[in-house]
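This report refers to the structure that appears directly beneath it.
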Amino acid sequence: VHGNSEKCSYDGVEDKRIMGMQLDKQSRALYVAFSNCLIRVPLGRCERHGKCKKACIASRDPYCGWLKESGACMQLLPGATLAFEQDIEHGNTDGLGDCQSKQKHITHLF
């Protein structure tokens, strides 16, 4: 992707026409070029699922997996040997229950 490398947020882009896109496999990101700036979008967004196994599995994100050891949804790195769970094809969450973190409950109390 060529052009101005100034960073911006999608909401801050006035001209929403995409001028170019480039996948960077090494950094596991998609770069999206607009007329006046460049946005980096991570391919895996595992952190948004946090400690919620159901959300992690349901996301069907090939870059994320549920690591039982840490009890969290984590980005899977090439060559990693950690055991993880994921269901990219179906996102089957039968029997996993709903996710309600203690942190969310505390936030709602204030």
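Scan region 1-57 for residues that are at pLDDT below 85, over 30 Å from residue 99 (Cα atoms) and outside any loop (DSSP other than H, G, I, E, B) and the total you get is 2. Within region 62-77, restricting attention to residues that are free of Cβ contacts under 8 Å to residues at least 24 places away in the same chain and in a loop (DSSP other than H, G, I, E, B), the residue that is nearest to the chain's Cα centre (by Cα) is 77. Taking first residues from region 78-90 that are polar (S, T, N, Q) and partners that are modelled with pLDDT of 85 or more, the Cβ contacts under 7 Å between residues at least 6 apart in sequence or on separate chains come to 86/57; 86/64; 86/65; 86/66.
Applying the condition of being under 22 Å from residue 26 (Cα atoms) and among the hydrophobic types (A, V, I, L, M, F, W, C) to region 67-82 and asking which residue is surrounded by the fewest Cβ atoms within 10 Å (Cβ to Cβ) yields 77.
The values are calculated or read from the model by the stated rules, or taken from the named source; none is laboratory data. Note that the structure is a prediction, hence the values are computed from the model and not measured. Note: ideal-geometry Cβ built from the backbone for every residue, glycine included; neighbour counts use all protein chains shown.
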